[in-house]
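Below: one structure, written as structure tokens.
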Amino acid sequence: MDAEKILERIENAKLKAGRNDKVFFAAVSKTRTVEEMKEAEKISWVDFFGENRVQEAESKRKAYGQSRLMWRLIGHLQANKARKAIEIFDTIDSVDSVELAVRLNRIAGEMNKSVPVLIEVNTSGEASKSGVDPEKFGELLDTVTGLENLRLDGLMTVGPITDSEREIRSAFAALRTLNDDARVRTGLPLPVLSMGMSGDFDLAILEGSTLVRIGTLLFGERDYRNEP
Ligand SMILES: *Cc1c(COP(=O)(O)O)cnc(C)c1O
């Protein structure tokens, strides 16, 4: 699909939702080459790169050189890669446990950095999905907002794997509700609601997404044999 069609669908979904705020766009560049990423960077409305593996992002970021785009970590982060992740990424969107948050905060402090983060929530209940369980969200929220070197910007989720629009929308609506409640609880603006991928971004925008993460529709099908 060409990029203009994606933009058109984003605009249509916003129209349908009666929205005129901005929906940010992360080009999910896992498995893609630096050359493919440079092409994506030329698209004026692409705001971020999204990568899900620290090692892959490290080698690509070195090879890439200067970029106008910020790089977001959108995949699960293992504790032993926390330091590397803070070095490489501009934001860490997959904070999903108290232990990880505490560790990131400690390392950020040692590095004299303030790290922008999202909390990832498992809104679908699928065991294969990362993200904190909704029941444990409150505790993680209180932890993260109490840590001086992390700056919480909002929430992220991955929609359920199903053909049911109703189920997908209800997962996204659940994230929006958690974010609304978190705003009240913390007094923070929490502007980022990261939800929606190639298969479900229209529905995510209808439910209030402010950041869609799109790989396949932009770059074509992924070939994991190309993974560096
Ligand atoms: C791979 C990935 C995406 C992009 O998926 P596509 O279906 O290729 O658009 C978005 N978010 C996360 C967390 C991912 O791992």
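The values are calculated or read from the model by the stated rules, or taken from the named source; none is laboratory data. The structure displayed is predicted, hence computed values, not measured ones. Neighbour counts run over all protein chains shown; Cβ positions are idealised from the backbone, glycine included.
Among the candidates 213, 222, the residue that is in a strand (DSSP E or B) and either under 17 Å from residue 3 (Cβ atoms) or within 14 Å of the ligand (Cβ to nearest atom) (or both) is uniquely 213. Is it fair to say residue 171 is in contact with a Pro (Cβ under 6 Å, 6 or more places away or on another chain) and within 14 Å of the ligand (Cβ to nearest atom)? So residue 171 fits the description; yes.
In this structure, is residue 120 surrounded by 21 or more Cβ atoms within 10 Å (Cβ to Cβ), within 16 Å of the ligand (Cβ to nearest atom), among the acidic types (Asp, Glu) and outside any helix (DSSP H, G or I)? Here the answer is yes, as residue 120 does meet what is asked.
One residue stands out in the stretch 189-208 among those that are away from the ligand (no atom under 12 Å from the Cβ) and in contact with a Ser or Thr (Cβ under 7 Å, 6 or more places away or on another chain): the one that is nearest to residue 178 (Cα to Cα), namely 193. Please verify whether residue 97 is among the hydroxyl-bearing types (Ser, Thr, Tyr) and either more than 16 Å from the ligand (Cβ to nearest atom) or modelled with pLDDT of 95 or more (or both), treating the condition exactly as stated. Yes, satisfied.
Is there a residue being in a strand (DSSP E or B) and β-branched (Val, Ile, Thr) anywhere in the stretch 73-94? Yes, because at least one residue in the stretch 73-94 is in a strand (DSSP E or B) and β-branched (Val, Ile, Thr). Scanning the stretch 50-60 for any residue that is in a loop (DSSP other than H, G, I, E, B) and touching a helix residue (DSSP H, G or I) at 6+ places or on another chain (Cβ under 7 Å) turns up nothing. Taking (1) on the phi < 0 side of the Ramachandran plot; (2) part of a strand (DSSP E or B) in turn, residue 154 satisfies each apart from (1). Of all the residues in the stretch 18-49, those that are among the small types (Gly, Ala, Ser), surrounded by 17 or more Cβ atoms within 10 Å (Cβ to Cβ) and under 22 Å from residue 206 (Cα atoms) number 2. When the test is whether a residue is touching a residue at least 40 places away in the same chain (Cβ under 8 Å), within 20 Å of residue 157 (Cα to Cα) and within 15 Å of the ligand (Cβ to nearest atom), residue 74 passes it.
Listed here are the residues, each with its yes/no results for (1) in contact with a Pro (Cβ under 9 Å, 6 or more places away or on another chain); (2) within 15 Å of the ligand (Cβ to nearest atom); (3) at pLDDT 95 or above.
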{"position": "12", "(1), (2), (3)": "no, no, yes"}
{"position": "16", "(1), (2), (3)": "no, no, yes"}
{"position": "27", "(1), (2), (3)": "no, yes, yes"}
{"position": "42", "(1), (2), (3)": "no, no, yes"}
{"position": "49", "(1), (2), (3)": "no, yes, yes"}
{"position": "54", "(1), (2), (3)": "no, yes, yes"}
{"position": "59", "(1), (2), (3)": "yes, no, yes"}
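The selection criterion, being farther than 21 Å from residue 14 by Cβ, within 12 Å of the ligand (Cβ to nearest atom) and at pLDDT 95 or above, holds for residue 131.
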